[in-house]
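S.K.: Dumping the structure here so I can ask a few things about it.
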C-alpha cells in the first residue's frame with residue numbers, strides 16, 4: 001500500500017498514482033506530474049513502472065486525442081513537457097535490469113512526416129531500458145537512416161509514420177539497406193497509426209509495434225541471440 005505524504009494526495013494503491021500521473025500528462029499539468037514523480041520516489045514505487053504505467057499511458061492517450069483532432073500542437077507540447085519533467089525525476093531511480101551489451105537503436109520519423117509524439121515516447125522508453133538511442137528526429141531524409149546505422153554500428157533501425165503518404169519511405173529505407181549490403185547487419189522495426197504487421201512484412205521489415213509501450217520488448221526480441 002502506498003501512503004502519499006504531506007497530504008498531497010490520499011492514494012492507497014500504486015495504480016491510483018499511475019492514473020494520476022497519466023492524467024497530469026493528458027492535462028499538461030507540469031507541476032502535478034513533477035510532484036507525483038517525486039512522491040513516487042519517496043514511497044519506493046519503481047521508477048520504470050511509473051514511466052510505463054503512468055506517463056506512457058498518458059502520452060498514448062494524448063497521441064490518440066491528437067490523431068482524432070481533439071488535441072492540437074499546443075496541447076501536445078504541454079503534455080510532452082509535463083511528461084518530460086516527471087521523467088527527469090524518475091529516470092535516475094530506474095532499477096530495471098540494464099541490457100548487458102551496448103545495443104544501439106537508430107530512431108526517426110520518415111521524410112515528409114513531422115508527427116514525432118510516438119517516436120519521442122519510444123526514445124524515452126529505450127533510454128530508460130539502457131539502450132543507446134540515436135535520435136534522428138522527424139522528417140528524416142531516407143538516406144540518413146542507413147548512414148546513421150553504419151556510423152553507429154546500430155543493431156536496430158526504428159521508423160515511424162503517421163501519414164499514409166509517407167509510409168513508402170519505410171520501404172525505401174529497407175531497399176537502401178539491401179542495396180548497401182547492410183540488411184543482414186541491422187533489424188528494422190516500424191510503427192505509427194497507419195502501419196500494420198502486414199505492411200511491415202510487405203516492405204521487408206522485421207517487426208511492427210502497435211504503440212510506443214511495445215518498443216522495449218520488440219528491441220529485446222530482435223537483438224536476442
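S.K.: Between the helical axis of 168-179 and the dominant principal axis of the chain, each derived from Cα atoms, what acute angle in degrees is found, rounded to the nearest 10?
M.R.: Between the helix axis and the principal axis of the chain, the angle is about 60 degrees.
S.K.: To continue, here is another question. In degrees, nearest 10, range 0 to 90: what is the angle between the Cα axis of helix 117-128 and the longest Cα principal axis of the chain?
M.R.: 80 degrees
S.K.: Run through every distinct alpha carbon pair of the chain and return the Kirkwood hydrodynamic radius in angstroms, one decimal place.
M.R.: For the chain, inverting the mean 1/r across all distinct Cα pairs yields 18.0 Å.
S.K.: Separation between the residue 84 and residue 16 pseudo-spin-labels, each 7 Å from Cα along Cα→Cβ, expressed in nm?
M.R.: For the pair residue 84/residue 16, the computed spacing is 3.2 nm.
S.K.: Suppose a student asked you for the relative contact order of the chain, using Cα pairs under 8 Å spaced at least 6 residues apart; what percent would you report?
M.R.: Answer for the chain is 16 percent.
S.K.: Rounded to the nearest 500, what is the 222 nm mean residue ellipticity of the chain from helices alone, with -39500 (n - 2.57) per DSSP H run of 4+ residues and division by all residues?
M.R.: Computed ellipticity for the chain at 222 nm equals -15000 deg cm²/dmol.
S.K.: Using Cα atoms only, what is the angle between the long axis of helix 30-42 and the major principal axis of the chain, expressed in degrees (0 to 90) to the nearest 10?
M.R.: In the chain, helix 30-42 runs at an angle near 80 degrees to the longest axis.
S.K.: Can you give the FRET efficiency to the nearest 0.05 for residue 183 and residue 27, using r as the Cβ-Cβ distance and R₀ = 45 Å?
M.R.: Approximately 0.55, to the nearest 0.05.
S.K.: Can you give the relative contact order of the stretch 104-222 as a percent, counting alpha carbon pairs under 8 Å and 6+ residues apart?
M.R.: 28 percent
Only the coordinates and a few stated rules stand behind these numbers; no lab work does. Just so we're clear, the structure is a prediction, and the values are computed from it rather than from any experiment. Cβ atoms come from the backbone with ideal geometry, glycine included; neighbour counts cover every protein chain shown.
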